[in-house]
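The values are calculated or read from the model by the stated rules, or taken from the named source; none is laboratory data. Everything numeric in this text was worked out from a predicted model, so none of it was measured. Here the Cβ positions follow ideal geometry from the backbone for every residue, glycine too, while neighbour counts run over all protein chains shown. For the accessible areas, the whole protein counts, side chains as well, though only heavy atoms, and no ligand, DNA or RNA atoms are used. Shrake-Rupley method; radii C 1.70, N 1.55, O 1.52, S 1.80 Å.
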Amino acid sequence: MESIGVLMACPMSPYLEQELDRRFKLFRFWNFPQKKEFLRDNASVIRAVVGNATAGADAELIDCLPSLEIVASFSVGLDKVDLGKCEQKGIRVTNTPDVLTEDVADLAIGLMLATLRRLCESDRYVRSGSWKKGDFKLTTKFSGKTVGIIGLGRIGLAIAKRAEAFGCPISYYSRTRKTDSEYKYYPSVVELASNCHILVVACALTEETRHIINREVIDALGPKGVLINIGRGPHVDEPELVSALVEGRLGGAGLDVFEHEPEVPEQLFELGNVVLTPHVGSGTVETRTAMADLVIGNLEAHFLNKPLLTPVV
Ligand code: 8YV
């Protein structure tokens, strides 16, 4: 397979890079600032693209790669891949579901606990020596709080299962009611937000779900409500979120993703009721290794004419 050209869209995992390099003719896109020239010289040999949540394969790139057969994403989310275009051109697409579910759900619970119990702020309290001057203020209890989940897919369900163990009543919104779920269903995000303490974004980013968290939803969640986002930044109208937090119209937020990563609105840095993490939902050694192995497994299966492990298209 050494002659098969594989284009890695951006740096994502040294282990994946090394394993791709051992098996294929690997092109690191970020090493070629002159994209046009690079594509003119190499496009014809590139048969696979490996992308992630930062860069994937949009219509423009796909159109530049006449030999492209497969896009293997090092992510479960496929918002950086033009799925319609792939389908139309018969290009296969794979992602990395299941292997990252537990980590992302763990982080969602971590953000809930950290936000309500103010773990980061209290850590800073100890480090700065403030404790010597007096006890830390009281925080908000997590166990038993109503958790509303947008998107009851693999990750949403794993979050629900974990939150249930904390005695939290679970409700959800999704396009269609899940007939096999006992959790309370709300047919709109505003209704879900009006009836929960903690609202979690756990759905895929599509044109339909872009800015699913808008002013109306934030107002429905209210000054005692907390937003947790482990989905994608563009699920949230970020300027609306920032002003609601700054003005105290929203109780708090635990955010792993942002609209313009790695840029994060600096007004959030001042707020103790906000916990910020740098898109690390799947960021453990174990999970990133499993994701990389899945990307490699899909590529090998494709080029050996075997069934793909995790096909999407
Ligand atoms: C990663 C993700 O952050 O799976 C997803 O959709 O957002 C993440 O697992 C990313 O793709 C790793 O580079």
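Just the number please: accessible area per residue for region 101-276, 1.4 Å probe, all protein chains included, in Å². Write out the running numbers ahead of the final one.
Values: 8850 Å² over 176 residues.
Ligands and nucleic acids excluded, the figure is 50 Å² per residue.
Are any of the pairs K161/K306; K137/K161; K35/K80; K35/K85; K178/K224; K141/K178 more than 24 Å apart by Cα-Cα distance, and if so, which?
Details: K161/K306 35 Å; K137/K161 30 Å; K35/K80 18 Å; K35/K85 21 Å; K178/K224 28 Å; K141/K178 29 Å.
From K161/K306; K137/K161; K35/K80; K35/K85; K178/K224; K141/K178, over 24 Å: K161/K306; K137/K161; K178/K224; K141/K178.
Please compute the Kirkwood hydrodynamic radius over region 101-276, one decimal place, Å, based on all pairs of different Cα atoms. Don't skip to the end; give the middle numbers.
Details: mean 1/r = 0.0615 Å⁻¹.
Answer for region 101-276: a Kirkwood hydrodynamic radius of 16.3 Å.
Using DSSP to define loop residues, name the chymotrypsin sites (Phe, Trp or Tyr not before Pro) in region 227-313 whose beta-carbon has at most 13 other beta-carbon atoms within 10 Å.
Numbers: sites: F258, F269, F303; in loops: F258.
Sparse-neighbourhood loop chymotrypsin sites (Phe, Trp or Tyr not before Pro): none present.
Over the C-alpha atoms of region 111-179, what are the Rg and the largest Cα-to-Cα span, Dmax, in Å?
16.5, 55
Which is the longest part of the chain that has none of the GluC sites (Glu not before Pro) sitting in a DSSP loop with at most 11 other Cβ atoms within 10 Å?
Details: sites that count: E2, E182, E207, E208, E247.
After excluding every exposed loop site, the longest remaining stretch is 3-181.
Using square roots of five times the C-alpha gyration tensor eigenvalues, list the equivalent-ellipsoid semi-axes of region 39-197 in whole Å, biggest first. List each step's numbers first, then the result.
Working: eigenvalues 338, 113, 28 Å².
Values for region 39-197, descending: 41, 24, 12 Å.
Quick check on the chain: of the DSSP beta bridges with both residues there, what percent are antiparallel, nearest 5%?
Values: 2 of 40 bridges.
For the chain, the DSSP antiparallel bridge percentage is about 5.
From Cα coordinates alone, what are the radius of gyration and Dmax values for the chain in angstrom?
Taking only Cα atoms of the chain, I get Rg and Dmax of 21.3, 68 Å.
Leaving ligands, DNA and RNA out of it, report the carbon-plus-sulfur percent of the accessible area of the chain at a 1.4 Å probe.
Values: 7790 of 15350 Å².
Of the solvent-accessible surface of the chain, carbon and sulfur hold 51 percent.
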